[in-house]
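Trainee: This is the structure I have questions about; it appears just below.
Bear in mind these aren't lab numbers, they're just calculated from the coordinates by the rules spelled out. Note that the structure is predicted; figures quoted are calculated from it, not measured. Because the Cβ atoms are built from the backbone with ideal geometry, glycine has one as well, and the counts that use them run over all protein chains shown.
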Amino acid sequence: MNEDNNQLTLSYELLVLLQWLIEYEPEKLKELITSAFDNGLEDDLKKVKNQSSGYDSSENVQNSIVDFFGLLEILLHEIYNERATKRVMEKKLMPAIDHIDTTECDTQTVQDSIEKATSKFEQEPGKNPQELLFKELLRSWKPSKKTASN
């Protein structure tokens, strides 16, 4: 909210998100609204309809709108930052991933290890990402008797 003139200002990114959701995810929005109805929205709507004042005050409406868009903005930035961190981590891990023998270690084990290493790297950014990956691979790798070396 812009305190000087009580106008709501939305970021361009948030407007793009809203347009994208409307254009590409109307069914998921419908599912979200259906879930809200299943979890009590219909009762709240009936209460509002039966009350002639109280909820419909402009301050309550403004606060609800600001809270909604504020939450969307926060979630948008959280997800954007998580994705950016994941991309950086994956780039740092690419040389190590290229050295993994896929005949000895299945793709799912490698993927799970990458995700765990990424998560640990986010918690401790000073650690060596390749070392974290290799430790996770060793923890989750289950060699078969056929692949045991002499």
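Trainee: Magnitude of the Cβ-charge dipole of the chain, K/R +1 and D/E -1, about the Cα centre, nearest 20 debye?
Mentor: On the way: 18 positive and 28 negative charges, 191 e Å.
Dipole size: approximately 920 debye.
Trainee: Something else about it: Please check: in the Gaussian network model of the chain (C-alpha springs, under 10 Å), which one of L15, L29, L71 has the largest mean-square fluctuation.
Mentor: Maximum fluctuation in the GNM of the chain, among the listed residues, is at L29.
Trainee: Okay, moving on. Could you derive backbone 3J(HN,Hα) for segment 117-133 from the dihedral phi with the Karplus parameters 6.51, -1.76 and 1.60 (θ = phi - 60°), listing whole Hz in sequence and x where the residue is Gly or Pro?
Mentor: These are the phi-based 3J(HN,Hα) values: 5, 4, 4, 5, 5, 5, 6, 9, x, x, 6, 6, x, 5, 5, 4, 4 Hz.
Trainee: With n ≥ 4 as the cut-off for DSSP H runs, can you work out [θ] at 222 nm for the chain, using -39500 (n - 2.57) per run divided by the number of residues, rounded to the nearest 500? Write out the running numbers ahead of the final one.
Mentor: Values: 6 runs with 103 residues, N = 150.
Estimated from H runs of four or more residues: -23000 deg cm²/dmol.
Trainee: Further question on the same structure: Using R₀ = 30 Å, calculate the FRET efficiency as 1/(1 + (r/R₀)^6) where r is the Cβ-Cβ separation of M94 and I33; round to 0.05.
Mentor: Values: r = 41 Å, r/R0 = 1.38.
The value I calculate is 0.15.
Trainee: Which length gain, in nm to one decimal place, applies between E104 and K46 when the Cα-Cα distance is subtracted from 0.36 nm times their residue separation? Let's see the in-between values first.
Mentor: Details: separation 58, 0.36 × 58 = 20.88 nm, distance 6.11 nm.
That works out to 14.8 nm of additional length.
Trainee: Also, I was wondering about something else. Which label belongs to the value computed from this structure, given these candidates for volume of the Cα convex hull per residue in Å³: (1) 283; (2) 151; (3) 206?
Mentor: Among (1) 283; (2) 151; (3) 206, the one derived from this structure is (3).
Trainee: Between L8 and H77, what FRET efficiency follows from the Cβ-Cβ distance if R0 is 22 Å, with the result rounded to 0.05? Please report the intermediate quantities before stating the final value.
Mentor: Values: r = 18 Å, r/R0 = 0.80.
FRET efficiency, L8 to H77: 0.80.
Trainee: Based on alpha-carbon centroids, what's the gap between segment 64-93 and segment 15-36 in Å, whole number please?
Mentor: For segment 64-93 versus segment 15-36, the Cα centre distance is 18 Å.
Trainee: Another question about this same structure. Between E122 and E59, how many nm apart are label points set 7 Å from Cα along the C-beta direction?
Mentor: Those two pseudo-labels are separated by 3.9 nm.
Trainee: Right, another one. Quick one: if the Förster radius is 35 Å, what FRET efficiency do V66 and K86 give, using the C-beta to C-beta distance and rounding to 0.05?
Mentor: On the way: r = 30 Å, r/R0 = 0.86.
Step by step, r from the Cβ atoms, then E = 0.70.
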